[in-house]
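*Asks:* The structure's right below; bear with me while I get my questions together.
Please treat every number below as a calculation from the coordinates, not as lab data. Everything quoted here is computed from the prediction, not taken from an experiment. Note that each Cβ is placed from the backbone with ideal geometry, even for glycine, and that neighbours are counted across all protein chains shown.
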Amino acid sequence: MKDIRMKASTLLCSIATAGVLVTSTALLTGQGARATDTSADKPYHIVNGKVDMNTMKGYLYYGDQCMRCHGPDGMGSSYAPNLTQSLKALSQEQFENTVINGKKEVNQASDKVMPAFGTNEDIVENLDNIYDYLKARSDGALGRGHPDQQN
Ligand code: HEC
């Protein structure tokens, strides 16, 4: 969905004035926004409790690469912080910088390490999807467990 929208916007950009672009983008994005869409202005789209494909990908990659430290559903563990809490404070840029570059808190009380994922293609490609998923969890828009995907 995001990809299609981006391609459409790029195309429109080259042939249309800014005014037309704004109108067309509103039409494109407006399609999914019904009364049941609780996330019209958010990076994720949840309709009747079901997530869009990108948010689902984020959930799956989170489970694959992040959950072993950050716990199920982003809820944290004794080793790594609760990301549903972290994302209340971190911007998307700060989130992405941390995942790409890693983070290390080494002192007498702690030797915890957040690994750098900058060379992990799967994660780099799905960074915004993982953010979408965790943001939905952080906003309370998505509950715990395996989400259902929209058709
Ligand atoms: C090997 C364990 C481990 C794995 C795997 C891991 N993390 Fe972390 N992560 C940590 C630790 C430990 C910290 C805290 C580091 C610190 O505070 O210095 C952290 C911190 C973070 C932070 C910063 C939180 C804050 O409040 O500042 C983000 C964001 C984050 N991790 C995202 C992810 C994502 C997304 C993945 C999967 C792609 C992931 N982590 C995988 C251990 C891990």
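*Asks:* When Met75 is evaluated against the numbered criteria (1) within 16 Å of Ile130 (Cβ to Cβ); (2) within 10 Å of the ligand (Cβ to nearest atom), which criterion, by number, is the only one it fails?
*Replies:* Answer for Met75: the failing condition is (2).
*Asks:* Could you list, in sequence order, all residues of region 54-66 that are more than 8 Å from the ligand (Cβ to nearest atom) and either aromatic (Phe, Trp, Tyr) or over 14 Å from Leu127 (Cα atoms) (or both)?
*Replies:* Selection gives Tyr59 alone.
*Asks:* Mind checking which residues of region 91-103 are of a type outside the set (S, T, N, Q) and more than 6 Å from the ligand (Cβ to nearest atom)?
*Replies:* Of everything in region 91-103, those that are of a type outside the set (S, T, N, Q) and more than 6 Å from the ligand (Cβ to nearest atom) turn out to be Glu93, Glu96, Ile100, Gly102.
Yes/no matrix, rows are residues, columns are (1) buried (at least 17 other Cβ atoms within 10 Å of the Cβ); (2) without any contact (Cβ under 8 Å) to a residue 60 or more places away in the chain; (3) in contact with a strand residue (DSSP E or B) (Cβ under 8 Å, 6 or more places away or on another chain):
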residue: Tyr44; (1), (2), (3): yes, no, yes
residue: Gly49; (1), (2), (3): no, no, no
residue: Gln94; (1), (2), (3): no, yes, no
residue: Asn101; (1), (2), (3): no, yes, no
residue: Glu105; (1), (2), (3): no, yes, yes
residue: Asn129; (1), (2), (3): yes, no, no
residue: Leu142; (1), (2), (3): yes, no, yes
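*Asks:* Among what's in region 107-127 and is in a helix (DSSP H, G or I) and free of Cβ contacts under 8 Å to residues at least 40 places away in the same chain, pick the residue that is nearest to the ligand (Cβ to nearest atom).
*Replies:* The selected residue is Leu127.
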